[in-house]
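The values are calculated or read from the model by the stated rules, or taken from the named source; none is laboratory data. Here the structure is a predicted model, which is why all the values come from computation and not from measurement. Cβ: placed from backbone, ideal geometry, glycine included. Neighbour counts: every protein chain shown.
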Ligand code: 1GP
């Protein structure tokens, strides 16, 4: 059992986006299993500390996705280190991570740190553009990537990422069927209970992001949908 292995539902909050105290209160008390703090751009030490300190008023688990050196902030319950599986650009697979380890390697809380093997599948997503992700994967490609991550590399988390659009549930199903040891996270385009329920059929952990900022009530409705799925 790891610190995140009981999570069924998580909200992902972006330090670079404004959220009111009332909205944050509703998110943290929603019954979600965790808040993941992370974003693809504009993440700084200051805005990450600020968001952490506001979430810390609540009991909910709070983890950081460490995607930049500047945004590596102590005090979270757990840390995820993303590695992009479907890019040719080594800097996103292990380059930046090595830089981070050279700088902060002695401070890493290893018991609370987990690598996430990311498969970024929405070509329009900021993360896909930034990392040069090859988003045109079919089911066989997805299964091969999952086996690489799960069986060969023994990564503890595989993250099927469609940030900004609802993904192909058949591909997610293929991923789930191939996974043996890893936790399968899904995120992207969940805008209410129906899509949340669909994703929860295959993913171990369903991550809900942008809708928090666009339609809070719809975001909150995903918690029960996932927990009851
Ligand atoms: C983003 O996977 C998360 O990293 C959630 O995606 O913002 O589209 O919900 P959305």
Can you name the residue in segment 108-118 that is in a helix (DSSP H, G or I) and under 20 Å from residue 185 (Cα atoms) and, of all such residues, is nearest to the ligand (Cβ to nearest atom)?
112
Can you name the number of the only condition in (1) more than 28 Å from residue 221 (Cα to Cα); (2) out of contact with any strand residue (DSSP E or B) (no Cβ under 9 Å at 6 or more places or on another chain); (3) surrounded by 14 or more Cβ atoms within 10 Å (Cβ to Cβ) that residue 97 fails?
(2)
Of those in segment 100-117 that are over 20 Å from the mean Cα position of the chain (by Cα) and farther than 16 Å from residue 70 by Cβ, the residue surrounded by the most Cβ atoms within 10 Å (Cβ to Cβ) is 105
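Conditions tested, residue by residue: (1) closer than 25 Å to residue 201 by Cα; (2) within 11 Å of the ligand (Cβ to nearest atom); (3) touching a helix residue (DSSP H, G or I) at 6+ places or on another chain (Cβ under 6 Å).
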position: 100; (1), (2), (3): no, no, no
position: 106; (1), (2), (3): no, no, no
position: 120; (1), (2), (3): yes, yes, yes
position: 123; (1), (2), (3): yes, no, no
position: 137; (1), (2), (3): yes, no, no
position: 148; (1), (2), (3): yes, no, no
position: 155; (1), (2), (3): yes, no, yes
position: 158; (1), (2), (3): yes, no, yes
position: 165; (1), (2), (3): yes, yes, no
Within segment 207-218, restricting to residues that are near the ligand (Cβ under 9 Å from one of its atoms) and in contact with a helix residue (DSSP H, G or I) (Cβ under 7 Å, 6 or more places away or on another chain), the one that is nearest to residue 2 (Cα to Cα) is 208
Could you check how many residues of segment 50-95 are within 27 Å of residue 19 (Cβ to Cβ), out of contact with any helix residue (DSSP H, G or I) (no Cβ under 9 Å at 6 or more places or on another chain) and in contact (Cβ under 8 Å) with a residue 12 or more places away in the chain?
6
Hey, can you tell me all the residues within segment 60-76 that are surrounded by fewer than 20 Cβ atoms within 10 Å (Cβ to Cβ) and under 15 Å from the mean Cα position of the chain (by Cα)?
61, 68
Heads up, the helices (runs of 4 or more DSSP H) in segment 180-229 (entirely inside) with at least 3 residues that are surrounded by fewer than 17 Cβ atoms within 10 Å (Cβ to Cβ) and at pLDDT 95 or above are 216-227
Which condition number does residue 172 fail, the rest of (1) touching a residue at least 40 places away in the same chain (Cβ under 8 Å); (2) more than 22 Å from residue 31 (Cβ to Cβ); (3) within 13 Å of the ligand (Cβ to nearest atom); (4) in contact with a helix residue (DSSP H, G or I) (Cβ under 8 Å, 6 or more places away or on another chain) being met?
(1)
Any idea which of (1) within 22 Å of residue 198 (Cβ to Cβ); (2) within 14 Å of the ligand (Cβ to nearest atom) is the one residue 131 doesn't satisfy?
(1)
Residue check: is residue 128 at negative phi, in a helix (DSSP H, G or I) and buried (at least 20 other Cβ atoms within 10 Å of the Cβ)?
yes
